[in-house]
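The structure under discussion appears below in the form of structure tokens.
The values are calculated or read from the model by the stated rules, or taken from the named source; none is laboratory data. All of these numbers come straight from a predicted model, not from anything done at the bench. When we count neighbours, we look across all protein chains shown, and the Cβ atoms used for this are built from the backbone with ideal geometry, even at glycine. Each accessible area value is taken on the protein alone, full model and side chains, heavy atoms only, with ligands, DNA and RNA left out. Shrake-Rupley method; radii C 1.70, N 1.55, O 1.52, S 1.80 Å.
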Amino acid sequence: MTTLKIIFLVFAFILGSVFASFAGVIAYRVPKGKSILKPGSYCPACNNHLKWYDNIPILSWIILGGKCRNCKAKIGVFSLLMEIFGGLGFASAYFMYGDDLKKLPIMIVLMLLVFLFMIIANIDYETHYIYSITLVIFAVFALFITLYKVFMFEVNIWPYIIGAAFGFGFFLLIKVLAKLAMKKDALGSGDIYLVGIAGFLLGIFPLLLAILIATLLGSIIEVTKIKLKKQSRESEIAFGPYLLLGIGILAIYGDAIMDLYWKVMS
């Protein structure tokens, strides 16, 4: 790896963490009907306006120990994780697609997709709700990336169509069966549309892997929370962030994973 590429990777990571931090602002203010531009960043607990050095993604959280400098209110570790994942997402998109001019449009849209995922994950984590407009934007991005691959790289579109049908149909079936068995919703409608759109973005096999990653990760973390008494067994779980992580990983690395798989199997 060249020195120049390492520099660009570092820049992409920093840029991604900044966008993830802004996504957190959007996710906090939009559901409350507040402006995302004014006022500047402030602590929700004491309303103290943050200095620039207390608002540096990742570093400020670590230096302040996850607390407000003024009132010592805790800043959830979820915020730190989102900024790290945002940085990794941008850096990964550049690493996989930044060296080929023909693939640069995919890289740019993937970065926008990571930003969108940060917004959706933050809102779903706090409110257990996914806004329809974010799903529409996700669908537009997914449509662009898949059709770009089809027309520019002559990729077969059928695995993506099958992936969309399977993702939507399978999760809808789970929702219906869970409703009949438990007399309550086990999945939100937003999750169903999210997976359906992801199927068109990823294709059937990467979608299955994304769902597997989300399920395993979600199970481990949620069971750990119950064991540590961070939440009760009856608590409503936001599955969206786990789905988005799995989808994001496969959106960026899915083609490389599938190429490696077929080489090993051939």
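Quick look at the values:
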| item | result |
| --- | --- |
| Relative contact order computed over the stretch 1-126 (Cα-Cα under 8 Å; 6+ residues apart), in percent | 37 |
| Backbone N under 14 Å from the residue 137 label point (7 Å along Cα→Cβ), restricted to the stretch 3-33 | 19-31 |
| Packing rank of 188-194, 205-211, 43-49, where each peptide gets the mean count of other beta carbons within 10 Å, highest leading | 205-211, 188-194, 43-49 |
| Residue 74 versus residue 176: modelled label distance in nm, points set 7 Å from Cα along the beta carbon direction | 4.2 |
| Inter-site label distance for residue 32 and residue 67 at 7 Å from Cα along Cβ, in nm | 2.2 |
| Percentage relative contact order, the chain, counting C-alpha pairs under 8 Å, at least six apart | 18 |
| Accessible carbon and sulfur surface of the stretch 20-84 relative to its total accessible area, %, 1.4 Å | 62 |
| The stretch 109-163, accessible surface, carbon-and-sulfur percent (1.4 angstrom probe) | 74 |
| Simple label model, 7 Å out from Cα along Cβ direction - residue 112 to residue 221, nm | 2.6 |
| Probe 1.4 Å, all protein chains present, accessible-area order of 253, 242, largest first | 253, 242 |
| All-pairs alpha carbon distance profile, the stretch 104-237, 5 Å steps from 0, percent | 2, 10, 15, 21, 21, 14, 9, 5, 2, 1, 0 |
| Pairs beyond 21 Å (Cα-Cα), from 38/67; 32/227; 34/72; 5/103; 51/72 | 38/67; 32/227; 34/72 |
| Positive-end residue of 96, 25, 137, charge dipole of the chain with Cβ unit charges | 25 |
| Simple Cβ-charge dipole of the chain, Lys/Arg +1 and Asp/Glu -1, about Cα centre, in debye nearest 20 | 980 |
| Summed residue charge, Cβ within 15 Å of residue 214's Cβ, Lys/Arg positive, Asp/Glu negative | -3 |
| Three-way shape call for the chain based on the alpha-carbon gyration tensor, with the a/c threshold at 1.5 | oblate |
